[in-house]
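Everything below concerns the one structure shown next.
Read-outs: derived from the displayed coordinates by stated rules, not from any lab. Everything numeric in this text was worked out from a predicted model, so none of it was measured. As a convention, Cβ positions derive from the backbone with ideal geometry for all residues, glycine included, and neighbour counts pool all protein chains shown.
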Amino acid sequence: MEFFVDKVFSLKSVSVFENLPEASLLDVARIMDTEEFEAGEEFIKKGDIAEDMYIVKSGVVEVHHDGSILAVLGENEIVGELAILAPIRRTASVRARTEVIAYRIGREYFMDLLYEKPELMSDIIEVLIGRITTLNDELRRYKNLVDFR
């Protein structure tokens, strides 16, 4: 059985939430559900309408698209974070590489929380910009490899 305080301590280790005051962490922890996935289980499917973001509490997940692994993520990393901002289609699939325990945050509950605590939005945007920058760098490196051949 997991305790509420465990969720709060886990949030302190997640880049999106690490700088939030404890009162805000308590609010986020209140809307999180715990889910477990077996190795090989796909829990985000490309093309589905996104409704949830996940924080990996333990284990390893891989983000994949058309047979290529785009990212491997582990403890205290987030996946599907765009889902909490807009109901868009998933751009990649995610599966558990090992047994995974993850916290799920639903968009509807998160949007209610943002209405109450708008300071959360700037932290989410900062992380998303970092992810986009990293992807752009990887695309440039890939393009350079292809051009070199």
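Equivalent ellipsoid of region 28-89: semi-axes from √(5λ) of the C-alpha gyration tensor, largest first, are 18, 16, 10 Å.
Pop the C-beta distance of Glu99 and Leu135 into the FRET formula with R0 = 41 Å and round what comes out to the nearest 0.05.
Details: r = 28 Å, r/R0 = 0.68.
Rounded to the nearest 0.05, the efficiency is 0.90.
If you place +1 on the Cβ of every Lys and Arg and -1 on the Cβ of every Asp and Glu, how big does the dipole about the Cα centre of region 1-65 come out, in debye to the nearest 20? Could you put the intermediate results ahead of the total?
On the way: 6 positive and 15 negative charges, 54 e Å.
Taking the Cα centre of region 1-65 as origin, the dipole is about 260 debye.
Against the chain, whose longest principal axis comes from its Cα atoms, helix 119-148 is set at around 10 degrees. Computed about the Cα centre, the dipole magnitude for the chain is approximately 660 debye when only Lys and Arg (+1) and Asp and Glu (-1) carry charge, each at its Cβ. Note that the chain shows a convex hull volume over its alpha carbon atoms of 111 Å³ per residue. Springs between Cα atoms under 10 Å define the GNM used for the chain, and in it the highest mean-square fluctuation of Gly67, Gly47, Gly106 occurs at Gly67. The aspartates and glutamates within cross-link reach of Lys46, meaning a Cα-to-Cα straight distance under 16 Å and a gap of 8 or more places when in the same chain, are Glu62, Asp66, Glu81.
Using only helices, what value at 222 nm comes out for the chain when you add -39,500 (n - 2.57) per DSSP H run of length 4 or more and divide by the total residues, to the nearest 500 deg cm²/dmol? Intermediate values should be presented prior to the final figure.
On the way: 4 runs with 57 residues, N = 149.
Calculated at 222 nm, the ellipticity per residue is -12500 deg cm²/dmol.
Grab the other residues whose beta carbon is less than 11 angstrom from that of Val79, score K and R as +1, D and E as -1, and report the net. It works out to a net charge of 0. Peptides 125-133, 55-63, 19-27 ranked from most to least packed by the mean count of surrounding Cβ atoms within 10 Å: 55-63, 19-27, 125-133. Approximating the spin labels as points 7 Å out from Cα along Cα→Cβ, the Glu51-to-Asp112 distance works out to 1.5 nm.
Under 8 Å for C-alpha pairs, at least 6 residues apart: give me the relative contact order for the chain, rounded to a whole percent. It would help to have the intermediate numbers written out before the result.
On the way: 257 pairs, mean separation 41.5, N = 149.
RCO, the chain: 28 percent.
Take the alpha carbon atoms of region 90-104, find their center, do the same for region 1-42, and report the distance between the two centers in whole angstrom. If we compute the Cα centre of each part, the gap is 15 Å. Here Lys7 is the anchor, and the lysines within straight C-alpha reach of less than 24 Å, apart from those fewer than 8 places off in the same chain, are Lys57, Lys117.
If the segment from Leu26 to Ile125 were pulled out straight at 0.36 nm per residue, it would be longer than the present Cα-Cα gap by 33.6 nm. Close amide H partners of Ile44, meaning residues 5 or more places away or on another chain with modelled amide H under 5 Å apart, are Val94.
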